[in-house]
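The structure appears below as structure tokens.
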Amino acid sequence: MSGTSTDGVDVAAIQIDPKSEEMRFLGAVSTVFTPDLRSNLLLLQQIPPQFGANSDPLGIFLQARRDLTLVYADSVNKLLATLGLDAQVIRVLGAHGQTLRHRPDLGYTYQMLDGALLASACQIDVVNDLRSKDVALGGQGAPLVPAFHQAWLNGKGIHERTAVLNLGGFSNLTVLHGAGVPVTGGDCGPANCLMDLWAQRVFSLPMDEDGEIASSGNPDQGLLNRLWTHPFFAQAWPKSTGRDEFNEQWFDSCVASFGILSPEDVMATLLALTVKAVESSLPAHVKQVYVCGGGAKNSALMAQLKSTCSPVDFLPIENLGLPTQAVEAAAFAWLAAQNISGKTGNCPSVTGARQGGVLGALYLCDSGR
């Protein structure tokens, strides 16, 4: 998995019993993108990309796709070595790719990755392009992790009044209502992406580590209100979003009206926006929320969520046997297993698709397993 934070790749290995469908987490590794690769990936996500004079946009895209795929391959091979496993014992590799565009309202989503190269480099069958089928069925194509969340929580005996909150570049929720009621969920809004952007631009830091910058400032209600005017927040689920909508140009236009604010106050306001987006999406009957994603490590963010959403109990996903950083990677491993088993991977009650579908495109490795 490489998500909207665009900072690296997470790889997780899970074992699934073919009869009971019981899952066991085996291990995970993370690889940080090189500055050049990250720069090119962010460039390709811009609308429009600001290519230099005499540059070859298609060549930049193709080279970035190859470079990204090789980071995936190196990370997979590193995890196999760490676990002492041979590629031949791995049945399938689920690979998300890097989202460059996500506009289900226009009928498309695109996650960049070379599935053929990845299958060849790892000698494992690969399932990728996992969002397109849901979009083809009229859905948002996101979030796709709720089906995995439900399967994992059900395996731990949890079936109702519980949610899973992912705090990545954007935040999303999975909500378990109880027996006979379909799981619901959707994207909430920006999370780490805007805070990371501000930390990098103003403080020359990759992120606001542990929310220290935000904690030294005060949220500005005027700026928060301006950010909240984005039409996404007024929409009901099913909905999904990404850098296409919450981009740098939109952010700059919001902040430009509040030039007297300190950088610390802007960061505090972005943290408050993240909390407000989650609070407004969380159903009243939910009693406990398991948190995953990079934002789960931001103690200032977690403290504000707990205070604002009280008496909801926010718990680390590690309590259920999954490391925070590995949840989405594990979800795409599970989705790949669903594909080769011919089973549905999406939740129409979440994405709005007309029906469930088998997600992804399969690339066989050289051995043709």
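The values are calculated or read from the model by the stated rules, or taken from the named source; none is laboratory data. Note that the structure is predicted; figures quoted are calculated from it, not measured. Ideal geometry is used to build each Cβ from the backbone, glycine not excepted, and the neighbour counts take in all protein chains shown. The area values use the complete protein model at the heavy-atom level, side chains included, leaving out ligands, DNA and RNA. Shrake-Rupley method; radii C 1.70, N 1.55, O 1.52, S 1.80 Å.
Worth pointing out:
- Checking 64, 121 one by one, the residue that is hydrophobic (A, V, I, L, M, F, W, C), in a helix (DSSP H, G or I) and closer than 18 Å to residue 362 by Cβ is 121 and no other.
- Among the residues making up the stretch 330-369, those that are open to solvent by 60 Å² or more (accessible area, probe 1.4 Å) and of a type outside the set (A, V, I, L, M) are 341, 343, 344, 354, 355, 363, 366, 367, 369.
- Looking across the stretch 22-35 at every residue that is open to solvent by less than 100 Å² (accessible area, probe 1.4 Å) and not aromatic (Phe, Trp, Tyr), the one that is nearest to residue 74 (Cα to Cα) is identified as 31.
- Against the list (1) open to solvent by 40 Å² or more (accessible area, probe 1.4 Å); (2) among the hydroxyl-bearing types (Ser, Thr, Tyr); (3) in contact with an Asp or Glu (Cβ under 6 Å, 6 or more places away or on another chain), the condition residue 257 fails is (3).
- Looking only at residues in the stretch 304-320 that are of a type in the set (A, V, I, L, M, F, W, C) and in a helix (DSSP H, G or I), the one that is nearest to residue 275 (Cα to Cα) is 305.
- Near pairs, Cβ below 8 angstrom, 6+ apart or cross-chain, from the stretch 151-167 (basic (Lys, Arg)) to any residue that is surrounded by 14 or more Cβ atoms within 10 Å (Cβ to Cβ) and not in a strand (DSSP E or B): 156/320; 161/177; 161/286
- Hey, residue 217 farther than 30 Å from residue 348 by Cβ and either in contact with a Gly (Cβ under 6 Å, 6 or more places away or on another chain) or crowded, with 18+ Cβ neighbours inside 10 Å (or both) or not: yes
- Subset of the stretch 3-59 (residues that are closer than 23 Å to residue 335 by Cα, of a type in the set (Ser, Thr, Tyr) and at pLDDT below 95): 4, 5, 6, 20
- For the stretch 79-118, the set of residues classified as out of contact with any helix residue (DSSP H, G or I) (no Cβ under 7 Å at 6 or more places or on another chain), open to solvent by less than 40 Å² (accessible area, probe 1.4 Å) and either modelled with pLDDT under 95 or not small (Gly, Ala, Ser) (or both) consists of 79, 90, 99, 102, 111, listed by residue number.
- Of everything listed in (1) under 27 Å from residue 311 (Cα atoms); (2) modelled with pLDDT under 95, the single unmet condition for residue 278 is (2).
- Residue in the stretch 302-313 that is open to solvent by less than 70 Å² (accessible area, probe 1.4 Å), touching a Leu at 6+ places or on another chain (Cβ under 7 Å) and touching a residue at least 60 places away in the same chain (Cβ under 8 Å) present: no
- Qualifying positions in the stretch 233-252 - in a helix (DSSP H, G or I) and farther than 13 Å from residue 194 by Cβ: 233, 234
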